[in-house]
Amino acid sequence: MKSIQIKFDKISTKNPNLSSYSCFAKAICGERLNRQTIHRWFYKLVDREDYDSKNKKGLFDHLEGLSNPSVDDKK
């Protein structure tokens, strides 16, 4: 699944002012990743300073929603 890292690198290069969290969110958008894959790549790519560790559940719920949009969201 190196494609996530490649997409992340391209996005962060084109948008140097974005945080690593924002770049990661853009990289996984619509990719249909499972929760485990999102977690693994999140910890590899996102800087710890870019998120509050107290709110990780909410962050992962949001990221999962971006990666796996419902049918209603596509309309």
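A short reminder: the numbers here are calculations on the coordinates, not readings from a lab. In this text the structure is predicted, and so the values were computed from the model without any measurement. Cβ: placed from backbone, ideal geometry, glycine included. Neighbour counts: every protein chain shown.
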Sorted peptide list for 48-59, 10-21, criterion being average Cβ within 10 angstrom, highest first: 10-21, 48-59
Estimated D of the chain in µm² per second, where Rh is the Kirkwood radius over Cα pairs and Stokes-Einstein applies at 10 °C, 1.306 mPa s: 126
Length released on extending from Asn68 to Glu49, taking residue separation times 0.36 nm less the Cα-Cα span: 4.3 nm
